[in-house]
Amino acid sequence: MTTVPPAAELSADDARRIALRAQGFLGAPDRRGGVRGVLRHLGAVQLDTISVLARSHELIPYARLGAVGRRKVEDAYWTPAPVGGPSPSPHAFEYWSHAACILPIEEWPHFAFRRRAYRARPHWEHKLTDGAYESVIKQLRVEGPLTATELGGAKNGGPWWDWSEAKVAVERALMLGEVVCTGRRSWKRVYDLAERAVPDALLHDDLDDRECLRRLVQLAGRSLGVGTRADIADYHRLKGEQFDAVVADSGLVPVTVEGWGKPAWADPEALASVPRGRHRTTLLSPFDSLIWERSRTERIFGFTHRLEAYTPKPKRVYGYFAMPLLSGGRLLGRVDPAREGKTLVAKQVSLETRKAVLPMAQALREAAEWVGCSDVRVERVRVAQVDAPELRVPLADALTAV
C-alpha cells in the first residue's frame, strides 16, 4: 500500500462535487465535442448486451448531453466500414478495460501491457485446430473488415459461449492486438487487421508496462477527479500493486476525504478550482462510470446500487435493470423501466424520499421522448423500500405537468 502525506483535505461534499465534474455532470457540457468529447473525457465507455430503455453506451452521452440522436451516438463511436472495403480512420476501438469498453483510439498504445500479457500467458478455454487462427487472419487480409458470422459463423449452435472456431480465433486475435474492432453492424463486432485500421502513429507497443500503467492511472484519476487506490485501479481493471508501482509518478496528489477512512488521490486540476454549476436531472445506466463501482457509489452518494439483471426474479429488490436517478448532485432513487410499443413502463419506481417525485417525473418524461415513447405508465412506487401506492397519482400528475 502506498503511503504519502496528503496534500489536501476535502469534505465529503467537496469530493462528491469533484467526482461529478470529473465525470462530465457539473459545468457546461462540451456540446461542440459531442459524444466523442464525452468518450475522450471519460476515457472508457462500458458496453453491455442488455437493452431496455437503450443500450448502455447510448445512455452514457444521453445522461450528460441530453437527447442526442441515437444514430449520431453510434456514428460518433464507431466508424462504419463497408463490406469488403477498407476501414476509415477510426475514432475509437473496443478492448478490455473496466470490462468490454469503447476507448478513444488514442488509447491504443496504453494497452500494450495487456496485449503483451495475453501473448505471454495465454489461458484459453477454447482450443483451436492447427491453422484455424492463421485462416481467419488471411481471410481478413484478403476480404477486408468482417463480422464473425461473415468469417464462417459465430456459434456452433449451442447456448451462450458455444463459439465457433472462427469466433474463437478472431476474439483471440483481438486480445493479442493483431485484430481490432472499430465498428459494429447490427450489434455484431466488425473485425479488421490492426495494421490496416489503427493509424500508423498509434500502431505500436513501444511503451513499456510501467509507462502504460502510469498513463492509465493518471487518466483514470483525471476521469474520476478523486478516488481511492481501489477506485482508480478498477477504472481500467488494474491490480492494486500495479497502481502502487506508478502512482508516485502519475501526477496525482494524495488527499484525505472526510468519512472515507482510506487514503485517496486527486487530479491536481480537479483541486485547482471549486466545482460549480448545475446538471440536468437524468437517469443513469447501471454501467455508467459515475456509479459502476458499488463501494465508491456508497461512499460518495450514500446510495447502495447493484445490477439485479442476473439475480433470480423473486430475490430482486429494485428490478431487472434499475436505473438510478441523478438530480441536484444526489442520487434520489431509481426506476426499473420497460417499453411496450409507444409506452415507457416504469415497472417499479423506488424513491429515497417523497421529495423525489418531481425529479423522477422529469427524468421519465425526457427519457420517454428520447426513445420515441409518447406515454409513461407507472406500475409500482416505493419510498425507502416501503410500498407507497398513494404516490402513483402525484407521480402521474407530475408526468403530465412536466
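Being over 26 Å from residue 65 (Cα atoms) and in contact with a strand residue (DSSP E or B) (Cβ under 6 Å, 6 or more places away or on another chain), is that true of even one residue in the range 320-330?
Our first condition is that a residue be over 26 Å from residue 65 (Cα atoms); within the range 320-330, this holds for none.
There is no residue in the range 320-330 that is over 26 Å from residue 65 (Cα atoms) and in contact with a strand residue (DSSP E or B) (Cβ under 6 Å, 6 or more places away or on another chain).
Could you pull out the residue among 221, 302, 277, 259 that is open to solvent by less than 40 Å² (accessible area, probe 1.4 Å) and under 30 Å from residue 334 (Cβ atoms)? If you could, list the steps in order and put the result at the bottom.
Working: 302 fails: open to solvent by less than 40 Å² (accessible area, probe 1.4 Å); 277 fails: open to solvent by less than 40 Å² (accessible area, probe 1.4 Å); 259 fails: open to solvent by less than 40 Å² (accessible area, probe 1.4 Å).
Of 221, 302, 277, 259, the one residue that is open to solvent by less than 40 Å² (accessible area, probe 1.4 Å) and under 30 Å from residue 334 (Cβ atoms) is 221.
With respect to residue 321, is the statement that it is touching a helix residue (DSSP H, G or I) at 6+ places or on another chain (Cβ under 9 Å) and closer than 23 Å to residue 391 by Cα true?
Details: touching a helix residue (DSSP H, G or I) at 6+ places or on another chain (Cβ under 9 Å): no; closer than 23 Å to residue 391 by Cα: yes.
It is false that residue 321 is touching a helix residue (DSSP H, G or I) at 6+ places or on another chain (Cβ under 9 Å) and closer than 23 Å to residue 391 by Cα.
Here are 393, 383: which of them is surrounded by fewer than 17 Cβ atoms within 10 Å (Cβ to Cβ), β-branched (Val, Ile, Thr) and more than 26 Å from the chain's Cα centre (by Cα)? Give the steps one after another, and end with the answer.
Values: 383 fails: surrounded by fewer than 17 Cβ atoms within 10 Å (Cβ to Cβ).
The unique qualifying residue is 393.
Only one residue in 297, 311 is assigned to a loop (DSSP other than H, G, I, E, B), polar (S, T, N, Q) and more than 27 Å from residue 400 (Cβ to Cβ). Which one?
Numbers: 297 fails: assigned to a loop (DSSP other than H, G, I, E, B).
Result of the check over 297, 311: 311.
Which numbered condition trips up residue 377, out of (1) without any contact (Cβ under 8 Å) to a residue 12 or more places away in the chain; (2) more than 24 Å from the chain's Cα centre (by Cα)?
All conditions pass for residue 377, except number (1).
For the condition touching an Asp or Glu at 6+ places or on another chain (Cβ under 6 Å) and over 18 Å from residue 24 (Cα atoms), what is the one hit in 338, 322? Even if it seems obvious, please write down each step before you answer.
Details: 338 fails: touching an Asp or Glu at 6+ places or on another chain (Cβ under 6 Å).
Unique residue meeting the criteria: 322.
Quick one: count up the residues across the range 117-138 that are out of contact with any helix residue (DSSP H, G or I) (no Cβ under 7 Å at 6 or more places or on another chain), charged (D, E, K, R) and either over 21 Å from residue 162 (Cα atoms) or assigned to a helix (DSSP H, G or I) (or both).
Number satisfying all stated conditions: 3.
Answer yes or no as to whether residue 290 is at pLDDT 95 or above, touching a Lys or Arg at 6+ places or on another chain (Cβ under 7 Å) and either assigned to a strand (DSSP E or B) or not hydroxyl-bearing (Ser, Thr, Tyr) (or both). Steps first, answer last, please.
Numbers: at pLDDT 95 or above: yes; touching a Lys or Arg at 6+ places or on another chain (Cβ under 7 Å): no; either assigned to a strand (DSSP E or B) or not hydroxyl-bearing (Ser, Thr, Tyr) (or both): yes.
So residue 290 does not fit the description; no.
Quick one: which residue in 213, 207 is closer than 30 Å to residue 294 by Cβ and either modelled with pLDDT of 95 or more or touching a Pro at 6+ places or on another chain (Cβ under 7 Å) (or both)? Reasoning before the result, please.
Details: 207 fails: closer than 30 Å to residue 294 by Cβ.
Just one listed residue meets the conditions, 213.
Where residues in the range 371-387 are assigned to a loop (DSSP other than H, G, I, E, B) and touching a Lys or Arg at 6+ places or on another chain (Cβ under 6 Å), which of them is farthest from residue 67 (Cα to Cα)?
Restricting attention to the range 371-387, the residues satisfying the condition of being assigned to a loop (DSSP other than H, G, I, E, B) are 371-374, 379-380, 384-385.
The next check asks that each one be touching a Lys or Arg at 6+ places or on another chain (Cβ under 6 Å); those that pass are 373-374, 379.
On the way: 373: 13, 374: 15, 379: 25 Å.
For the range 371-387, the residue satisfying everything is 379.
Quickly run through the range 314-333 and pick out the residues that are part of a strand (DSSP E or B) and either open to solvent by 40 Å² or more (accessible area, probe 1.4 Å) or in contact with a Leu (Cβ under 6 Å, 6 or more places away or on another chain) (or both).
At the first step, the residues of the range 314-333 found to be part of a strand (DSSP E or B) are 323-327, 330-333.
323, 324, 325, 326, 330, 332, 333, listed by residue number.
For the subset of the range 188-207 comprising residues that are free of Cβ contacts under 8 Å to residues at least 60 places away in the same chain and open to solvent by 10 Å² or more (accessible area, probe 1.4 Å), which member is nearest to residue 49 (Cα to Cα)?
Of everything passing the filter in the range 188-207, 188 is nearest to residue 49 (Cα to Cα).
Six or more apart or on different chains, Cβ atoms under 6 Å: show the pairs whose first residue is in the range 160-186 and more than 17 Å from residue 131 (Cα to Cα) and of a type in the set (Ser, Thr, Tyr) and whose second is open to solvent by less than 20 Å² (accessible area, probe 1.4 Å) and assigned to a strand (DSSP E or B).
Qualifying pairs under 6 Å: 182/93.
The values are calculated or read from the model by the stated rules, or taken from the named source; none is laboratory data. Bear in mind that the values here come from a model prediction, so they are computed numbers and not experimental data. Here the Cβ is made from the backbone with ideal geometry for all residues, glycine too, and neighbour counts use every protein chain on show. Note: accessible area is taken over every heavy atom of the protein model, side chains too, but ligands, DNA and RNA are not part of it. Shrake-Rupley method; radii C 1.70, N 1.55, O 1.52, S 1.80 Å.
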